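**Student:** Before I ask anything, let me first share the structure, which is written out below as structure tokens.
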Amino acid sequence: MRSIFAFTTLILANAASAYPFGFPDCVNGPLSKNTVCDITASPLDRATALISLFTTEEKLNNTGSVSPGVPRLGLPPYQWWQEALHGVALSPGVNFSSSGNYSYATSFPQPILLGAAFDDALITAVATVISTEARAFNNDGRAGLDFWTPNINPFKDPRWGRGQETPGEDPFHLSSYVHALIDGLQGGYAPKYKRIVATCKHWAGYDMETWNGNFRYQWDAPISTQDLVEYYAPPFQSCARDSNVGAFMCSYNAVNGRPTCADPYLLQTILREHWGWTNEQQWITSDCDAIQNIYLPHKYAATRPQAVADALNAGTDLNCGTYYQTHLPAALEQGLINITTLDRALIRQYSSLVRLGYFDPADVQPYRALNFGNVDTPQAQRLAYQAAVEGITLLKNDGTLPLSVKPESSIAMIGGWANATTQMQGNYYGIAPYLHSQLWAAQQLNVTVHYAAGDSSSGDPTTNNNLQVFAAANKSDIIVFASGIDNSIESEDKDRVSIAWTGEQLDLIGELAAYGKPMIVLQMGGGQMDSGPIANNPNVSALLWGGYPGQDGGLAIMDILTGKKAPAGRLPQTQYPANYIAQVPMTNMSLRPGLNNPGRTYKWYTGKPTFDFGHGLHYTNFSASIGSLEATTFNISSLVAGCKEKYMDRCPFRSVPVKVTNIGGTRTSDYSALAFLTGSFGPKPYPKKSLVAYQRLFDISPGATAMAMLNLTLGSLSRVDEMGNRILYPGQYTMMIDTQPLAMLNFTLVGEPAMLDKWPQPPPRVPQNSTGNYFVGGFDGTGQSVIYS
Ligand SMILES: O=[N+]([O-])c1ccc(O[C@@H]2O[C@@H](CO)[C@H](O)[C@H]2O)cc1
């Protein structure tokens, strides 16, 4: 468990002593007369002037994540690798102090729980705190200015160990979420000074650690153009085209035969050209040692110099690791790269630092005054708590919740998650100021608490190992069982081999439920587990999904259980029945149902989910009504003629008002209005439905009404054909509010199909070369599973 962090802590210690962060001296240093220090010049001119001073050797030296800078020029070393997935995080470039100031940073819930809030404003607020704290760390020389976050690969397969790092499975949701996130991380679309540089990773098609002899380092993901455009690419399009993110990371895996870091189609044709991600301040880093993988195990390049040349020429500007620094000299000597390409990469990196104010005097820029007083402020603490409250999702409730607790009440807090500490953070975590567990929160109530962790790994739950559990349950009138999964089961390098609760866990839940007392199960962890057996047990009163809820997650959970807060989170991923994973190999990248594939995500899954994407109960009931449009039939040619955007999918269709009323009696509650589109239009098969808009409404009191404005674009009405073209089709459309529709709106599009986005066609698939018989269950371009060797 947490092996990556043993590594990062090691690097961190080295990096911190070898490369403390400093700023170039633009007042007295050797660079002071160079254009790089001229704040009136453009970032491109400034970076170009800087790089023109580098010798070839200095250029080659500064291509890795640990860049030595150029001492003779007074250019300090720089560590490019910082992480901040849900708060400033332990990573090579982040140096937490061992005590006192800078010994902690706010630790928010994992993205999978943030995603469940369906609240983009919350995401911007969280990201703004993260970038503020990152700046404070930077000002103290404890972090760089670029962070390798977010992980925005769609969480397609429930087994994926890193799905917890993402906001979920739906491409529209991810695109909207990541736009809000980058807004907060970077400080808007094109601020004069970026707050920090964010890095959208891992482009593209990365969603497997290790499965059945396949590893992320050698996996060649077979992805059809249709699936790429419709599913794998949209969050990255949102990063690049719509949010102007400062950096991208290419992934370990190959796509259709090409390791992504060596693929000019993905990096140049799509990312830079088609999405217009072309300004000089944007760079692409490789995943860590991914360039080495181009040589081995991908065997895409025949030599190491060829591997680095393939990557640099394709547009990978920076190498996480030392492979560029080691092998680019030979590539240059052999004429595989030229100095112009090397300069391009360096100019991109350093102009990005210019945009961060790295070369500018402190008094002209907004973030240099931030200090530890801006870290984990009371406001940030409240936000961490609020974020957990908003995401926590109620899956079942027989009416027992909210609990009514009185001084004479006694609660049994049971299970391996009841007294959680760092478990609450998931992976890519920082050092939290505190970690309030569910047990801690229960102990703050004016009730008696009986705690027993128990041991759900011991087979028969009635063995001695669980005597304390039964004693606690006996003595209490309420039982809370907190369990599920954690990073020992799902993590980087570890995909799950089961999505069921273990027999031991289910047996123990059964024993505890048999007491006939109010019995609440907390399903903790990132990936969904099949909670069907728990939901179907009539003696289990309630089931709540808590994700990895961060520093105040225990309090958020207990406040929901006791009714101080009302739940309104929604599942950001489908909860499949346990046998789903036997029906589809992880290596099957197709979304649509086919051979060995019952379909993926709520859009295409043909079976019956245990809980649907978007499921989430409240302590009250809501009704909804959709305002009528001015017409029920729309002509495609008029819609398109009225569209003046360069990217036509962004053109508005209509803003649809939705009136939501709390009809449930006594409880004030938030409500996330989710709008799905269904109907018969575009290529077959049709998806069951697609999320096209959402908005969270706050604090709707009983009897009160709130209004959501759901903005539909032409893009959200469109479908993608087999060539990847995004097209507006004639047909019958139905917009539905919520998973069990509370309201529906029908309309029709008539006329000829209209092209919204013509997709550049990929080069032909490259045959497999990789070492080993890894390619079990691939895709041959027609949807058939094949075995490559
Ligand atoms: O060598 N290691 O110890 C090591 C540790 C972490 C690691 O993960 C990669 O590094 C992260 C960089 O942001 C990417 O998200 C992830 O895929 C890759 C390599």
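**Student:** Give me the Debye-computed log₁₀ of I(q)/I(0) at q = 0.12, 0.13 Å⁻¹ for region 311-377, equal point scatterers on Cα only, no solvent, two decimals.
**Tutor:** Debye intensities relative to I(0), on a log10 scale: -0.50, -0.56.
**Student:** Continuing with this model, one more query. What is the sum of charges, Lys and Arg at +1 and Asp and Glu at -1, for the other residues whose Cβ falls under 14 Å from the Cβ of ALA453? Write down the numbers at each step before the final one.
**Tutor:** Details: positive: none; negative: ASP455, ASP486, GLU504.
With Lys, Arg at +1 and Asp, Glu at -1, the net is -3.
**Student:** Hey, if you drop one equal point scatterer on each alpha-carbon of region 260-312 and run the Debye formula without solvent, what base-10 log of I(q)/I(0) do you get at q = 0.25 Å⁻¹?
**Tutor:** With one equal scatterer per Cα and no solvent, log10 I(q)/I(0) is -0.92.
**Student:** DSSP H helices in the chain with Cα extent of 18 Å or more along the helix axis and mean Kyte-Doolittle hydropathy at least -0.5?
**Tutor:** The qualifying helices are 3-18, 120-139, 339-355, 378-391.
**Student:** Let me ask something else. For MET208, MET707, give the ranking by accessible area with the largest first, probe 1.4 Å.
**Tutor:** On the way: MET208 5, MET707 105 Å².
Listed by decreasing accessible area, they come as MET707, MET208.
**Student:** Would you mind checking the pairs LYS396/LYS565; LYS494/LYS565; LYS603/LYS644; LYS565/LYS689; LYS406/LYS517; LYS396/LYS564 and listing those with alpha carbons more than 25 angstrom apart?
**Tutor:** LYS494/LYS565; LYS603/LYS644; LYS565/LYS689
**Student:** Jot down the radius of gyration and Dmax of region 556-643, Cα atoms only, both in angstrom.
**Tutor:** For region 556-643, the Cα radius of gyration and maximum Cα-Cα distance read 19.9, 55 Å.
**Student:** Which number comes out as Rg/Rh for region 607-729 once both Rg and the Kirkwood Rh are worked out on C-alpha atoms?
**Tutor:** Working: Rg = 17.1 Å, Rh = 16.6 Å.
Reported Rg/Rh (Cα atoms, Kirkwood Rh): 1.03.
**Student:** Give the residues of region 718-747 whose amide nitrogen is closer than 20 Å to a point set 7 Å from the Cα of ASN621 in the direction of its Cβ.
**Tutor:** What the label zone holds, given the 20 Å backbone N cut-off, is 737-744.
**Student:** Taking each pair of distinct Cα atoms in region 212-273 once, what is the resulting Kirkwood hydrodynamic radius in Å? Show your work: numbers first, answer last.
**Tutor:** Details: mean 1/r = 0.0806 Å⁻¹.
Its Kirkwood hydrodynamic radius stands at 12.4 Å.
**Student:** What full-extension length gain, to one decimal in nm, is calculated for GLN379 and VAL750 as 0.36 nm per residue of separation minus the Cα-Cα distance?
**Tutor:** Result for the pair: 128.5 nm of gain on full extension.
**Student:** What does the charge count near GLY731 come to, summing +1 for each Lys or Arg and -1 for each Asp or Glu among other residues with Cβ under 12 Å from its Cβ?
**Tutor:** Once positives and negatives cancel, what remains is +2.
**Student:** Taking only protein heavy atoms and a 1.4 Å probe, what accessible area per residue, in Å², does the chain have with all protein chains in place?
**Tutor:** 33 Å²
**Student:** Let me ask something additional. Scanning the chain for GluC sites (Glu not before Pro) in DSSP loops with at most 15 other Cβ atoms within 10 Å, what's the longest stretch left with none? Walk me through the numbers on the way to the answer.
**Tutor:** Numbers: sites that count: GLU408, GLU630, GLU645, GLU722.
Formally, the longest exposed-site-free interval is 1-407.
**Student:** At q = 0.11, 0.20, 0.21 Å⁻¹, work out log10 I(q)/I(0) for region 75-163 with the Debye formula, treating every Cα as an identical point scatterer and leaving solvent out; two decimals please.
**Tutor:** Log-scaled intensity ratios, in q order: -0.35, -0.97, -1.04.
**Student:** Using only Cα atoms, what Kirkwood radius does region 404-443 have, in angstroms?
**Tutor:** About 11.8 Å, per the Kirkwood formula over Cα pairs.
**Student:** Also, quick follow-up: Whole percent per 20 Å bin, from 0 to the bin with the longest distance: what is P(r) over all C-alpha pairs of the chain?
**Tutor:** Distribution as computed: 16, 49, 31, 4, 0 percent.
**Student:** Here is a follow-up. Binning at 5 Å from 0, report for region 531-592 what percent of all alpha-carbon pair distances ends up in each bin.
**Tutor:** Histogramming region 531-592 at 5 Å steps yields 3, 12, 17, 19, 17, 13, 9, 8, 2 percent.
**Student:** Please report the net charge: other residues with Cβ closer than 13 Å to the Cβ of ALA708, K and R +1, D and E -1.
**Tutor:** -2
**Student:** TYR686 versus SER637, label points 7 Å from Cα toward the beta carbon: distance in nm?
**Tutor:** The answer from the label model is 2.5 nm.
**Student:** Find the centroid of the Cα atoms in region 238-300 and in region 731-755, then give the distance between the two in whole Å.
**Tutor:** Cα centres, region 238-300 to region 731-755: 36 Å.
**Student:** Note the per residue figure in Å³ for the convex hull of the C-alpha positions in region 210-358.
**Tutor:** It is 113 Å³ per residue.
**Student:** Return the sequence-ordered ³J(HN,Hα) values of region 73-88 in whole Hz as given by the Karplus equation 6.51 cos²θ - 1.76 cosθ + 1.60 applied to θ = phi - 60°, using x for Gly and Pro.
**Tutor:** Listing the rounded values in order: 9, x, 8, x, x, 9, 9, 7, 9, 10, 10, 7, 4, 9, x, 4 Hz.
**Student:** Let me ask something additional. Can you list, largest first and rounded to whole Å, the semi-axes you get for region 402-497 by taking the square root of 5 times each eigenvalue of its Cα gyration tensor?
**Tutor:** 26, 20, 9
**Student:** Can you tell me the equivalent ellipsoid semi-axes for region 20-141? Use √(5λ) from the Cα gyration tensor, largest first, whole Å.
**Tutor:** 34, 17, 14
**Student:** Which translational diffusion coefficient, to the nearest whole µm²/s, is obtained for region 682-776 from the Stokes-Einstein equation, given a Kirkwood hydrodynamic radius over C-alpha pairs, 4 °C and 1.567 mPa s?
**Tutor:** Estimated diffusion coefficient is 75 µm²/s.
**Student:** Quick one: of the DSSP bridges fully inside the chain, what percent are antiparallel, nearest 5?
**Tutor:** Within the chain, antiparallel bridges account for around 60 percent of the total.
**Student:** Towards the positive end of the charge dipole of the chain, with charges on Cβ (+1 Lys, Arg; -1 Asp, Glu), say which of TYR385, TRP277, SER541 has the farthest Cα.
**Tutor:** TRP277
**Student:** At LYS406 and LYS564, where each label point lies 7 Å from the Cα along Cα→Cβ, what is the point-to-point distance in nanometres?
**Tutor:** For the pair LYS406/LYS564, the computed spacing is 2.1 nm.
The values are calculated or read from the model by the stated rules, or taken from the named source; none is laboratory data. None of the values given here were measured: they were computed from a predicted structure. With ideal geometry, Cβ positions are generated from the backbone for all residues, glycine too; neighbour counts draw on all protein chains shown. Accessible surface areas use protein heavy atoms only, side chains included; no ligands, DNA or RNA. Shrake-Rupley method; radii C 1.70, N 1.55, O 1.52, S 1.80 Å.
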